[in-house]
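*Asks:* Dropping a structure here in structure tokens format, bear with me for questions.
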Amino acid sequence: LVGRFDTAFEKMPPCREIISERPSSYYNRLYFDSISYTQEALELCLNVAGSEKLLYGSDYPHNVGDMEGCLSRVEALPSNVQNAVKGGNAMKLFGL
């Protein structure tokens, strides 16, 4: 999807009237949370965004939250990714 945004930015002058950089440059500044309801969705986020852009989230106490499921899906990842998602990335992001 980001590639499509960049193409529109390059080919459609009105897109460049509001933002000065390619959309992908903004996308690279985003972080994502690990709230997902399937392992496949979590792994897709990792594949697209990268493990360094994923922070632990549970959506708790939202009434459709699945705190235990969110944690178990993160714990199914390789240990280095688990450590990053469960706190390492947040520590880097917030300078802790």
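Values in this text are rule-based calculations from the coordinates and carry no lab data. The structure displayed is predicted, hence computed values, not measured ones. Counting neighbours? That spans all protein chains shown, and the Cβs are built from the backbone with ideal geometry, glycine included.
*Asks:* Just one of [x] 16.2, 47; [y] 13.9, 37; [z] 13.7, 43 is Rg and Dmax of the Cα atoms in Å as worked out from the coordinates here. Which one is it?
*Replies:* Checked against the structure: label [x].
*Asks:* Take the alpha carbon gyration tensor of the stretch 1-56, find the square roots of its eigenvalues, order them as a ≥ b ≥ c, and report rounded if a/c is under 1.5; if not, report prolate when a/b exceeds b/c, else oblate.
*Replies:* prolate
*Asks:* Taking +1 at the Cβ of each Lys and Arg and -1 at the Cβ of each Asp and Glu, which of Tyr37, Tyr60, Asn47 sits farthest along the dipole of the stretch 31-96 towards its positive end, judged by Cα position relative to the Cα centre?
*Replies:* Of the options given, the answer is Asn47.
*Asks:* For Ala90 and Val64, calculate 0.36 nm times their separation in residues minus their Cα-Cα distance, and state this gained length in nm to one decimal.
*Replies:* 6.9 nm
*Asks:* Work out the length of the dipole vector of the chain about its Cα centre, built from +1 on the beta-carbon of each Lys and Arg and -1 on the beta-carbon of each Asp and Glu, and round it to the nearest 20 debye.
*Replies:* That gives the chain a dipole magnitude of about 360 debye.
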